[in-house]
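I'd like to ask some things about the structure below.
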Amino acid sequence: MRLCLCLVFLIGMLQPVWAATQVDWQDLIDRKVAEFEDPFTSLSVSELRSLGTVIRLRENLAKPDLATEDRIQIEDRLKRLEAKLAVSGIDVDWLLSQRKTIGRKRAKAAMAGNSNLDGKEIAIPGYVIPVLDADSEMSTSGYLVPERGMCSHMPAPDPNQMIRYTLATEWQADSVYEPVRLTGTLSIRPTKQEITLLDGQIEMIAVFDMTVTRVTPLAEQEPVSTTRSFLDFLKSKSQQQEAPANQ
């Protein structure tokens, strides 16, 4: 009887941990919105560049003050480039007519979060970008991204691939892009904020908001030089901004 009571007690203690759904970044995407026919995804990098060149050449031809000699050269180059794309089975005019439509669909997909996870207790791995509290050297909020260097050395991810978090725990990040697993309640609550990061001021747009109740550091084989004290970095930034005033 005592053994049964102990087991019931232990199960009750472990239940909150089990309740957290382990998710990956792809799980955050709203598949219904993200799945649409995008003709540009089938193009190679070279073909996309050629298509971009076609756009630029056509824009140049539309200039009213274009010299006759330049116009002839541009028209010749444009014809050759369009013929090259046609040989590859690419309908340039049709593709260009789809740009705005596809652009709107991509933007909508990037802002659409998986509603099945809204309000759910989840656990997700990623890299933290801490944000200092106002007038403080503490950080109780920040952003979680899927890859190291995003928003700094790399482009920012789509908004539905970024989580703005608020800590309900005493954990503090030791460095920018520290690998962790965050556990807490996820909500679809789009936010926009400008923060100071390694490359200057960055606009952070996140579809998700998360109240974090547990932070699990993740071991990662990375050179020590790739991490930097978060507070040391922000303090050095502050000193650089104050330097001109002291000169």
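For the stretch 23-33, what does the Karplus curve 6.51 cos²θ - 1.76 cosθ + 1.60, with θ = phi - 60°, yield as ³J(HN,Hα) per residue in whole Hz, taken in order and with x for Gly and Pro?
Those phi angles translate into 10, 10, 5, 5, 5, 6, 7, 7, 4, 5, 7 Hz.
Provide the per-residue ³J(HN,Hα) series for the stretch 204-216, in order, calculated from phi with Karplus coefficients 6.51, -1.76, 1.60 and θ = phi - 60°, each as a whole number of Hz, with x at glycine and proline positions.
For the stretch 204-216, the Karplus-derived couplings read 9, 10, 10, 7, 9, 10, 9, 8, 8, 9, 8, 10, 10 Hz, x marking Gly and Pro.
Hey, rough spin-label estimate for Leu198 and Asp38, points 7 angstrom out along Cα→Cβ, what's it come to in nanometres?
Computed distance between label sites Leu198 and Asp38 equals 2.6 nm.
I would also like to ask the following. Please list, ordered by chain and number, the residues whose modelled amide H lies under 5 Å from the amide H of Ser139; skip anything fewer than 5 residues away on the same chain.
Asp133
Largest first and to the nearest Å, give the Cα extent of the stretch 43-85 along each principal axis.
34, 15, 9
How do the peptides 57-65, 195-203 rank, highest first, by the average count of neighbouring beta carbon atoms within 10 Å per residue?
Answer by packing, highest mean first, reads 195-203, 57-65.
All other residues with a Cβ under 14 Å from the Cβ of Phe208 taken together, and with Lys, Arg as +1 and Asp, Glu as -1, what is their net charge?
Here the count lands on -3.
In whole Hz, what ³J(HN,Hα) sequence does the stretch 120-125 give by Karplus (6.51, -1.76, 1.60; θ = phi - 60°), x for Gly and Pro?
Taking θ as phi minus 60°, the curve returns 8, 7, 10, 10, 9, x Hz for the stretch 120-125.
State the extension gain, in nm to one decimal, for the chain segment bounded by Arg80 and Glu147, taking 0.36 nm per residue of separation less the distance between their alpha-carbons.
20.1 nm
Every read-out reported here was derived from the displayed coordinates using simple, explicitly stated rules and does not represent laboratory data. These numbers come from a predicted model, not from an experiment. For neighbour counting, all protein chains shown are included, and Cβ atoms are generated from backbone atoms with ideal geometry for every residue, glycine included.
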